[in-house]
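Peer 1: This is the structure I want to talk about, given as structure tokens.
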């Protein structure tokens, strides 16, 4: 089986970039999931729920930068 993605560059450059960076975004999501899993299992070093939420949001922001 062969799968092929075709993009009409430069018009579809954004879509092309999304496709070739998808593995990086997936890895970032797995990292965020690991953080959440560790918080549930072991607790957190963050003093408040707001600090934890801000930490996770910063990780999401970094993942968004990949896309």
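FYI, it's all coordinate maths here, none of it is from the lab. For clarity, every value in this text was computed on a predicted model and none was experimentally measured. Positions of Cβ are generated from backbone atoms using ideal geometry, with glycine treated the same way; all protein chains shown enter the neighbour counts.
Peer 1: Taking the structure as given and computing Cα extents along the principal axes in Å, which label from (1) 49, 28, 10; (2) 41, 24, 17; (3) 28, 22, 17 fits?
Peer 2: (1)
Peer 1: Could you tell me the calculated FRET efficiency between residue 41 and residue 65, based on Cβ-Cβ distance and R0 = 22 angstrom, to the nearest 0.05?
Peer 2: Numbers: r = 28 Å, r/R0 = 1.27.
FRET efficiency, residue 41 to residue 65: 0.20.
Peer 1: Based on the Cβ-Cβ distance of residue 58 and residue 1, what FRET efficiency does E = 1/(1 + (r/R0)^6) give at R0 = 35 Å, to the nearest 0.05? Write out the running numbers ahead of the final one.
Peer 2: Numbers: r = 40 Å, r/R0 = 1.14.
Once rounded, the FRET efficiency stands at 0.30.
Peer 1: Report, to the nearest 10°, how far helix 22-42 tilts away from the longest principal axis of the Cα atoms in the chain, using its own Cα long axis and a range of 0 to 90°.
Peer 2: 10
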